[in-house]
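Engineer: My questions all concern the structure below.
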Amino acid sequence: MDGRTRGPRSDARRNDELILRTAARVLADDPRATIQRIADEAGLVRMTVYRRYRNRDALRRAIHDAAAAEATAVIDATAGADPVAALRALIVEMAAIIGRYPVLAVTTDWQPKPGDPRRPVPPPPARRMHQAVFALVERGRREGVLRTDLPPELLPQAITGTLHVVSRFARSLHADPDVLGTQVADLLLDGFAVSRPGT
């Protein structure tokens, strides 16, 4: 009985991952791509996609939610670690996430502008990610390893903004997302980390 219940769920998870990754690739190349085209590219029948996602907007929301959940998982996995090391791991993983979901490189970033009432409230997965990143930055400031003379909102904005711009450029050059993430982490954290003796 357990095997019968796990099998379909496992198939559904695989199909869902396939749909989202295919949609992220196809919509990055053609924002007006049809559900039929996404299904064809994924090797699925159209109704399989429609059962989960009514339209392109639903697919985009699901891609953003999946990306935010993956980024939050990295922060959770590094809980208690040095904040700079945790931020480095997050930046590298966010670059890899954009590699898996390339539509993120050609749509709006994941980070709402602080205090902007015109921006819609982000969905729960994105909200959890934003809160986790801010908590990590604040902990780094308290522990004296991140600069306190800069607004705490600046680093998350710099991370998402830099990855957004650089990933668009790197995608056209077929750059390795892992290398890209490391390079962006070096670029940002060398500017935000407090200088330490002997470094």
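We did not get these values from a lab; they are worked out from the coordinates using the rules stated. The structure presented is a predicted model; accordingly, all values stated were derived computationally and were not measured. Counting neighbours? That spans all protein chains shown, and the Cβs are built from the backbone with ideal geometry, glycine included.
Engineer: Test of understanding: what is the full-extension gain from R142 to D186, defined as 0.36 nm times their sequence separation minus their Cα-Cα distance?
Structural biologist: Roughly 13.7 nm would be gained on extension.
Engineer: Excluding M129 itself, calculate the net charge of residues whose Cβ lies under 11 Å from the Cβ of M129, where each Lys or Arg counts +1 and each Asp or Glu counts -1. Walk me through the intermediate numbers first.
Structural biologist: Details: positive: R127, R128; negative: D65, E70, D76.
Around M129, the charge tally is -1.
Engineer: Where does each of 127-138, 147-158, 17-28 land if you order them by average Cβ count within 10 Å, highest first?
Structural biologist: Numbers: 127-138: 18.4, 147-158: 14.7, 17-28: 20.6.
My ranking of the peptides, most packed first, is 17-28, 127-138, 147-158.
Engineer: While we're here: Quick check on the exposure proxy: order F169, F192 from fewest to most C-beta atoms within 10 angstrom. Mind dumping the intermediate values first?
Structural biologist: Working: F169 11, F192 19.
Sorted ascending by nearby Cβ count, the order is F169, F192.
Engineer: May I ask you to compute the full-extension gain from L154 to M47, defined as 0.36 nm times their residue separation minus their alpha-carbon distance, rounded to one decimal in nm?
Structural biologist: 34.2 nm
Engineer: In whole angstrom, note down how far apart the Cα centers of region 148-163 and region 77-106 are.
Structural biologist: 14 Å
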